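Take a look at the structure below.
The values are calculated or read from the model by the stated rules, or taken from the named source; none is laboratory data. Bear in mind that the values here come from a model prediction, so they are computed numbers and not experimental data. Cβ placement follows ideal geometry from the backbone for every residue including glycine, while neighbour counts extend to all protein chains displayed. To get the accessible areas, we keep the full protein, side chains included, count just its heavy atoms, and leave off ligands, DNA and RNA. Shrake-Rupley method; radii C 1.70, N 1.55, O 1.52, S 1.80 Å.
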Amino acid sequence: MIKRCEQRTCGGLFVDTSRGRRRRWCSTATCGNKVKKANLKATRDGTEPGLTGG
């Protein structure tokens, strides 16, 4: 299955050959790492939607 990378600034295409077809990024080492790092920072800062701060 051909998919578009979910990293906002990438938009590259890749072939998802993962077992459950759940791959989200063209490369975990680059795009996936950026997304995970941003999510971690948002969680630590209390800015993630649904977080009650604290």
Practice task
Give me the pairs, please: first residue somewhere in the range 21-32 and within 9 Å of residue 5 (Cβ to Cβ), second residue anywhere and small (Gly, Ala, Ser) and at pLDDT 90 or above, beta-carbon distance under 6 Å, and either six or more positions apart or on two chains.
Solution key: 26/12
Handout entry: Residue tally, condition of a type in the set (Ser, Thr, Tyr) and modelled with pLDDT under 85, over the range 1-27
Key = 0
Handout entry: Selection count where residues are acidic (Asp, Glu) and open to solvent by 100 Å² or more (accessible area, probe 1.4 Å), scope the range 7-44
Key = 0
